[in-house]
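The values are calculated or read from the model by the stated rules, or taken from the named source; none is laboratory data. Since this is a predicted model, take the numbers as computed values, not measurements. Neighbour counts run over all protein chains shown; Cβ positions are idealised from the backbone, glycine included. Surface accessibility is based on the protein's heavy atoms, side chains included, excluding ligands, DNA and RNA. Shrake-Rupley method; radii C 1.70, N 1.55, O 1.52, S 1.80 Å.
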Amino acid sequence: MEKSFYYSQSSLGIFQRCPKMFEYIYIDGISGKGIDSELKKSIDRGTNFHILAERYFNGMKDYFYTEDKQLLRWMARLEERYSEDINCKSEFEIRQDKDQIRLMAKYDLIVIEDTKIKIVDFKTNKSLYNPSVMEEHIQTKVYMYILGENLKRIFPNIKIESISMEYFQLNFPENKIVIEYNEKQHGTNKKILKELIGEIKKNKNIFLKKNNETCEKCGFESFCK
């Protein structure tokens, strides 16, 4: 693994799912077998939505050319929830290198309201999210922790207790998941992330353990065999 590597919610999530998969992707630099056409179409549509959302919050509401009706429905739901002229940062990235641990997060949207700040993450999945599961999700921990660690540098007038995170499911806009934050949770997240990254680093680039429960849906099963 390169010394300049920054851990992200994606890489940490993959390690939690299967250490062997982490090795294949981030150390060996290989990818699994190709995904099926329907899944690729779904991924591409989600990517296109994020592009349109970024343009929307940057004053470029020009998706009239889009013929994809699903994308247009999602954009309509986004407009209904958030005005284009709100005080926000779209596709905002934070990187940090503390205690010999490199972490990064790229936020879909950060909304600033007086002394409060909200992380908004857009989800285009077809399955309904469980609030209690998302509260413990690695993405929640990484996103809220990095923002909390960098508040004084980026948003000096905002306290950790004023941070929240919303998972905005475009297919289920009524299922509003909002997670609050505080100093105690911040300390807990720091410990969890430090231990998780420490576990990765102590393996010395060799991960013999694999999670057999995920093999059926894994693109690397031929390598393990």
Q. Considering region 64-105 alone, what residues qualify as being touching a strand residue (DSSP E or B) at 6+ places or on another chain (Cβ under 6 Å), open to solvent by 70 Å² or more (accessible area, probe 1.4 Å) and in contact (Cβ under 8 Å) with a residue 60 or more places away in the chain?
A. R95
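Looking for something within 30 Å of I192 (Cα to Cα), in contact with a helix residue (DSSP H, G or I) (Cβ under 7 Å, 6 or more places away or on another chain) and modelled with pLDDT of 95 or more - is there at least one such residue anywhere in region 131-138? Give the derivation first.
Step one: of region 131-138, the residues within 30 Å of I192 (Cα to Cα) are 131-138.
Now drop any that are not in contact with a helix residue (DSSP H, G or I) (Cβ under 7 Å, 6 or more places away or on another chain), which leaves 134, 138.
Cutting the leftovers down to modelled with pLDDT of 95 or more gives us 134, 138.
There is at least one residue in region 131-138 that is within 30 Å of I192 (Cα to Cα), in contact with a helix residue (DSSP H, G or I) (Cβ under 7 Å, 6 or more places away or on another chain) and modelled with pLDDT of 95 or more.
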**Q.** Subset of region 14-45 [in a helix (DSSP H, G or I), closer than 30 Å to I200 by Cα, in contact (Cβ under 8 Å) with a residue 12 or more places away in the chain and of a type outside the set (A, V, I, L, M, F, W, C)]
**A.** Q16, R17, P19, K20, E23, Y24, Y26
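Which of the helices (runs of 4 or more DSSP H) found entirely inside region 128-195 contain at least 2 residues meeting this: open to solvent by less than 60 Å² (accessible area, probe 1.4 Å) and either more than 30 Å from M75 (Cβ to Cβ) or in contact with a Cys (Cβ under 8 Å, 6 or more places away or on another chain) (or both)? Walk me through it before giving the result.
Details: elements: 131-135, 138-149, 151-154.
Counting at least 2 such residues, we get 138-149.
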Q) If you go through region 14-25 one residue at a time, do you hit one that is out of contact with any His (no Cβ under 8 Å at 6 or more places or on another chain) and modelled with pLDDT under 85? A) no
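Check region 33-41 and report whether any residue there is touching a helix residue (DSSP H, G or I) at 6+ places or on another chain (Cβ under 7 Å), of a type in the set (A, V, I, L, M, F, W, C) and surrounded by 11 or more Cβ atoms within 10 Å (Cβ to Cβ). Break it down into steps so the answer makes sense when it comes.
Just the residues of region 33-41 that are touching a helix residue (DSSP H, G or I) at 6+ places or on another chain (Cβ under 7 Å), to begin with: none.
Checked against the condition, which is being touching a helix residue (DSSP H, G or I) at 6+ places or on another chain (Cβ under 7 Å), of a type in the set (A, V, I, L, M, F, W, C) and surrounded by 11 or more Cβ atoms within 10 Å (Cβ to Cβ), region 33-41 yields no hits at all.
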